[in-house]
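The values are calculated or read from the model by the stated rules, or taken from the named source; none is laboratory data. Given the structure is predicted, the values throughout are model-derived calculations rather than measurements. All Cβ positions, glycine included, derive from the backbone under ideal geometry; neighbour counts span all protein chains shown.
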(Lines give C-alpha, C1' and ligand atoms only; values in the text may rest on other atoms or scores of the structure.)
Protein backbone atom coordinates (compact mmCIF):
# COMPACT_ATOMS: atom_id res chain seq x y z
CA UNK A 1 0.00 0.00 0.00
CA UNK A 2 2.76 2.42 0.88
CA UNK A 3 4.73 1.73 -2.28
CA UNK A 4 1.72 1.96 -4.57
CA UNK A 5 -0.38 4.68 -2.99
CA UNK A 6 1.46 6.76 -0.37
CA UNK A 7 2.41 9.59 -2.78
CA UNK A 8 -1.29 10.12 -3.58
CA UNK A 9 -2.64 9.93 -0.02
CA UNK A 10 -4.88 12.88 0.79
CA UNK A 11 -4.58 14.86 4.00
CA UNK A 12 -8.33 14.52 4.66
CA UNK A 13 -10.78 11.72 3.92
CA UNK A 14 -8.04 9.17 4.47
CA UNK A 15 -10.22 6.19 5.45
CA UNK A 16 -12.48 6.30 2.39
CA UNK A 17 -9.42 6.73 0.16
CA UNK A 18 -7.61 3.86 1.90
CA UNK A 19 -10.55 1.41 1.84
CA UNK A 20 -11.03 1.80 -1.90
CA UNK A 21 -7.37 1.07 -2.58
CA UNK A 22 -7.30 -1.77 -0.09
CA UNK A 23 -10.16 -3.42 -1.96
CA UNK A 24 -8.32 -3.06 -5.26
CA UNK A 25 -5.26 -4.70 -3.72
CA UNK A 26 -7.33 -7.57 -2.31
CA UNK A 27 -8.83 -8.16 -5.77
CA UNK A 28 -5.38 -8.38 -7.34
CA UNK A 29 -4.04 -10.57 -4.52
CA UNK A 30 -7.06 -12.87 -4.90
CA UNK A 31 -6.49 -13.24 -8.64
CA UNK A 32 -2.81 -14.10 -8.18
CA UNK A 33 -3.60 -16.48 -5.31
CA UNK A 34 -6.15 -18.35 -7.44
CA UNK A 35 -3.66 -18.65 -10.27
CA UNK A 36 -1.12 -20.14 -7.84
CA UNK A 37 -3.66 -22.52 -6.29
CA UNK A 38 -4.59 -23.69 -9.80
CA UNK A 39 -0.95 -24.79 -10.24
CA UNK A 40 -1.07 -26.81 -7.02
CA UNK A 41 0.80 -24.23 -4.97
CA UNK A 42 -0.39 -23.41 -1.45
CA UNK A 43 -0.70 -19.72 -0.61
CA UNK A 44 -0.58 -17.74 2.60
CA UNK A 45 -2.36 -14.39 2.61
CA UNK A 46 -2.26 -11.59 5.18
CA UNK A 47 -5.10 -9.34 4.14
CA UNK A 48 -5.84 -7.42 7.32
CA UNK A 49 -9.47 -8.53 7.44
CA UNK A 50 -10.01 -7.04 10.87
CA UNK A 51 -13.80 -6.81 10.72
CA UNK A 52 -16.19 -9.74 10.67
CA UNK A 53 -18.09 -8.69 7.54
CA UNK A 54 -14.86 -8.44 5.54
CA UNK A 55 -13.90 -11.94 6.67
CA UNK A 56 -17.37 -13.31 5.87
CA UNK A 57 -17.13 -11.83 2.38
CA UNK A 58 -13.73 -13.43 1.90
CA UNK A 59 -14.97 -16.78 3.25
CA UNK A 60 -17.82 -16.71 0.72
CA UNK A 61 -15.34 -16.03 -2.07
CA UNK A 62 -13.11 -18.92 -0.99
CA UNK A 63 -16.09 -21.26 -0.66
CA UNK A 64 -17.44 -20.30 -4.10
CA UNK A 65 -14.05 -21.04 -5.63
CA UNK A 66 -13.91 -24.41 -3.85
CA UNK A 67 -10.62 -23.72 -2.07
CA UNK A 68 -9.60 -24.97 1.36
CA UNK A 69 -9.04 -22.30 3.99
CA UNK A 70 -7.28 -22.16 7.33
CA UNK A 71 -7.31 -18.92 9.31
CA UNK A 72 -4.64 -18.03 11.84
CA UNK A 73 -5.35 -15.30 14.38
CA UNK A 74 -2.29 -13.91 16.08
CA UNK A 75 -3.20 -13.05 19.65
CA UNK A 76 -1.03 -10.25 20.97
CA UNK A 77 -1.94 -8.05 23.94
CA UNK A 78 -2.63 -4.42 23.05
CA UNK A 79 0.24 -3.14 25.19
CA UNK A 80 2.72 -5.36 23.35
CA UNK A 81 1.36 -4.33 19.93
CA UNK A 82 1.61 -0.68 20.91
CA UNK A 83 5.19 -1.22 22.13
CA UNK A 84 6.17 -2.96 18.87
CA UNK A 85 4.70 -0.17 16.75
CA UNK A 86 6.52 2.49 18.80
CA UNK A 87 9.76 0.52 18.44
CA UNK A 88 9.36 0.20 14.65
CA UNK A 89 8.57 3.90 14.41
CA UNK A 90 11.73 4.74 16.37
CA UNK A 91 14.13 2.24 14.78
CA UNK A 92 13.00 2.63 11.15
CA UNK A 93 14.72 -0.62 10.24
CA UNK A 94 15.25 -2.26 6.86
CA UNK A 95 11.57 -3.13 6.36
CA UNK A 96 10.18 0.18 7.69
CA UNK A 97 7.64 1.74 5.31
CA UNK A 98 5.77 4.38 7.24
CA UNK A 99 5.25 5.71 10.72
CA UNK A 100 2.09 4.50 12.40
CA UNK A 101 0.74 7.35 14.48
CA UNK A 102 -1.01 6.86 17.80
CA UNK A 103 -4.22 7.98 16.08
CA UNK A 104 -3.96 5.31 13.35
CA UNK A 105 -3.00 2.62 15.87
CA UNK A 106 -6.00 3.48 18.04
CA UNK A 107 -8.36 3.57 15.05
CA UNK A 108 -7.23 0.16 13.79
CA UNK A 109 -7.28 -1.28 17.29
CA UNK A 110 -10.90 -0.14 17.80
CA UNK A 111 -11.94 -1.59 14.44
CA UNK A 112 -10.72 -5.12 15.26
CA UNK A 113 -13.50 -7.64 15.68
CA UNK A 114 -12.14 -10.97 16.89
CA UNK A 115 -13.78 -14.14 15.59
CA UNK A 116 -16.78 -15.06 17.71
CA UNK A 117 -18.09 -18.55 18.51
CA UNK A 118 -20.24 -18.74 15.37
CA UNK A 119 -17.34 -17.79 13.10
CA UNK A 120 -15.02 -20.23 14.85
CA UNK A 121 -17.56 -23.06 14.64
CA UNK A 122 -17.89 -22.70 10.88
CA UNK A 123 -14.20 -22.39 9.98
CA UNK A 124 -10.76 -23.85 10.57
CA UNK A 125 -9.53 -21.02 12.79
CA UNK A 126 -6.43 -21.34 14.90
CA UNK A 127 -5.42 -18.83 17.55
CA UNK A 128 -1.68 -18.37 17.90
CA UNK A 129 -0.21 -16.68 20.95
CA UNK A 130 2.38 -14.05 20.12
CA UNK A 131 5.75 -14.34 21.78
CA UNK A 132 6.71 -11.29 23.83
CA UNK A 133 10.15 -11.03 22.28
CA UNK A 134 9.16 -11.74 18.69
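Could you figure out which of (1) part of a helix (DSSP H, G or I); (2) without any contact (Cβ under 8 Å) to a residue 40 or more places away in the chain; (3) closer than 24 Å to residue 130 by Cα isn't true of residue 49? Unmet for residue 49, out of (1) part of a helix (DSSP H, G or I); (2) without any contact (Cβ under 8 Å) to a residue 40 or more places away in the chain; (3) closer than 24 Å to residue 130 by Cα: (1).
When residue 78 is tested against (1) closer than 23 Å to residue 3 by Cα; (2) loosely packed, with under 13 Cβ neighbours inside 10 Å; (3) in contact with a helix residue (DSSP H, G or I) (Cβ under 8 Å, 6 or more places away or on another chain), just one condition goes unmet, and that condition is (1). Scanning segment 81-98 for residues that are out of contact with any helix residue (DSSP H, G or I) (no Cβ under 7 Å at 6 or more places or on another chain) and in contact (Cβ under 8 Å) with a residue 24 or more places away in the chain yields a single hit, 81. Contact map, segment 3-28: residues that are at negative phi and surrounded by 11 or more Cβ atoms within 10 Å (Cβ to Cβ) paired with residues that are at pLDDT below 80 and assigned to a helix (DSSP H, G or I), Cβ distance under 7 Å, separation 6+ or inter-chain. Pairs shown: 21/5.
Of the candidates 79, 60, 64, 118, the single residue that is assigned to a helix (DSSP H, G or I), out of contact with any strand residue (DSSP E or B) (no Cβ under 7 Å at 6 or more places or on another chain) and under 21 Å from residue 131 (Cα atoms) is 79.
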